[in-house]
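The values are calculated or read from the model by the stated rules, or taken from the named source; none is laboratory data. These numbers were taken from a predicted model, which means no experiment stands behind them. FYI the Cβ positions are ideal-geometry reconstructions off the backbone, even for glycines, and counts take in every protein chain you see. Note: accessible area is taken over every heavy atom of the protein model, side chains too, but ligands, DNA and RNA are not part of it. Shrake-Rupley method; radii C 1.70, N 1.55, O 1.52, S 1.80 Å.
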Amino acid sequence: MTVNPELLRASAAHYINGELSIEAVALAEIADAVGTPVYVYSSAMFAAQYHLLTTALAGLPHLLHYAVKANSTLAVMKQFADLGAGFDIVSGGELSRVLAVGGDPAQVVFSGVGKSIEEIDFALKTGIECFNVESADELARISDRAKILRKVAPIALRINPNVDAQTHPYISTGLKENKFGIAQESALALYLDAQADPCIQVRGIACHIGSQIGDPQPLFDALEQLLTLVDTLKSEGIVLTDIDLGGGFGVTYDDEPAFDVTAWGSRVKQRLVDRGLRLSIEPGRFLTANAGVLLTRVEYLKPGEESPQTAHTHTSSKHFAVVDAAMNDLLRPSLYQAWHGVLPVSQHSQGETKSWDIVGPICESGDWLAKDRQLSLSAGDLLCVMSAGAYGSTLSSNYNTRPRAAEVLVNGTAFRLVRRRESLQDLLSTEML
Ligand SMILES: *Cc1c(COP(=O)(O)O)cnc(C)c1O
């Protein structure tokens, strides 16, 4: 077994008498009841992660906006709404999910570089807290739409602080070369335009520099740049009420130390005390990644040939375990070469120990979930893909006309289906010949 004890400590999944469980429910029981592949989430861990962050900021006026795109399953969002979170959305679709769970639109910030007219109108009519504006053109469009709808649009400018979040290039967003945010040099002029516009209410300043950030230093650097701008704006007569530092707090997938929210929080509090600014954060991954797993069953084993060692041939052929989950269910390995722990659901399962590649049924060589994992496997065994609660189900697709997986929420000794497996009828129902 190749999983580090740190990951088992960080995850909601743990062994009880050799059976992998979430809270008090054995994962095998869920697989039997619901089938596989299935996402399973821990309600207790969602709450624990939420409290870690809010406790780290205790004493400072703040609001946590849960980044919906990490996991937008309604039951998951409902739990964060009940805990008191607002929401960070990146589409009109996500706004309709907030409304569907009874979330307060006045606690919704709307991020994203490509907000359409329909989305802006929807958000204006709904009365969201703030548009995090990413370009001059977007500001002009929001102003136009507000005028037409006779509304005043609350805005913050999302600044690109040009700091390196030191993360994977695909999830780094705060560098000049990224498409996100407004360059600091352009910010003042844009703020002055916005301040002069009767259809715009200038509220704050925002940034989000990337995801899966381990070292807090880039976040502190970004904070300093934002505070410098806040001071400049003040001297120009523009007084902001809100500062939004985005999300990106890293989690343990393998042996990375989890982001130290307590140390980060005390430093942020130090810098913001007596500033008269309300802090907003937009965590996604931190709240959900290790609260979730993806359960899958081994369909077939394809052990490689153990060819005799000769000087001129490749000797190590691969051993493949073909499972019933695939890149359409969990895209992160294919998209980012992301590493996910894979654990046997039962430690009592027998089988030959080999170094297996865990692959899906999809017709792509990029369809793998994990590589070179030392596991004892037999066909029919259940495997648990760890840390799958963030950017798992939300990135899933119907590629190869595969129905999307079921989702289950565990609470203590009970579990319930919160999203049924898609049917083939669901998949065909939007099409006409
Ligand atoms: C994706 C995103 C987040 C959440 O990022 P995490 O790494 O999941 O915390 C927050 N804010 C914005 C603007 C985003 O695009």
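Listed conditions (1) over 15 Å from Ser387 (Cα atoms); (2) surrounded by 19 or more Cβ atoms within 10 Å (Cβ to Cβ) are all met by Ser42, apart from (1).
Condition first: touching a Lys or Arg at 6+ places or on another chain (Cβ under 8 Å) and within 16 Å of the ligand (Cβ to nearest atom). Can you find one or more residues in segment 271-290 that meet it? Yes; the residues of segment 271-290 include at least one that is touching a Lys or Arg at 6+ places or on another chain (Cβ under 8 Å) and within 16 Å of the ligand (Cβ to nearest atom).
Would it be correct to say that Ala153 is of a type in the set (A, V, I, L, M), open to solvent by less than 60 Å² (accessible area, probe 1.4 Å) and within 16 Å of the ligand (Cβ to nearest atom)? When the stated conditions are applied, Ala153 does not pass them. Return the pairs, sorted by first residue and then second, in which the second residue is open to solvent by 10 Å² or more (accessible area, probe 1.4 Å) and among the basic types (Lys, Arg), the first residue lies in segment 323-349 and is over 23 Å from Glu256 (Cα atoms), the beta carbons are less than 7 Å apart, and the residues are 6+ apart or on different chains. Between residues of segment 323-349 that are over 23 Å from Glu256 (Cα atoms) and residues that are open to solvent by 10 Å² or more (accessible area, probe 1.4 Å) and among the basic types (Lys, Arg), the close pairs are Val323/Arg297; Asp324/Arg297; Ala326/Arg402; Asn328/Arg402.
Evaluation of Val109 against the conditions (1) within 17 Å of the chain's Cα centre (by Cα); (2) within 23 Å of Ile205 (Cα to Cα); (3) surrounded by fewer than 22 Cβ atoms within 10 Å (Cβ to Cβ) shows that the sole unmet condition is (3). The criterion of at least 2 residues that are away from the ligand (no atom under 16 Å from the Cβ) is met by the following strands (runs of 3 or more DSSP E) wholly inside segment 32-129: 38-42. Filtering Arg421, Arg404 for residues that are among the basic types (Lys, Arg), outside any strand (DSSP E or B) and surrounded by 19 or more Cβ atoms within 10 Å (Cβ to Cβ) leaves a single hit, Arg404. Quick one: which residue in Arg297, Arg267, Arg285 is charged (D, E, K, R), out of contact with any Cys (no Cβ under 7 Å at 6 or more places or on another chain) and open to solvent by less than 60 Å² (accessible area, probe 1.4 Å)? Testing whether each residue is charged (D, E, K, R), out of contact with any Cys (no Cβ under 7 Å at 6 or more places or on another chain) and open to solvent by less than 60 Å² (accessible area, probe 1.4 Å) leaves just Arg285. Across segment 130-139, the qualifying residues are those that are assigned to a helix (DSSP H, G or I) and in contact (Cβ under 8 Å) with a residue 40 or more places away in the chain, and the one among them that is least open to solvent (accessible area, probe 1.4 Å) is Leu139.
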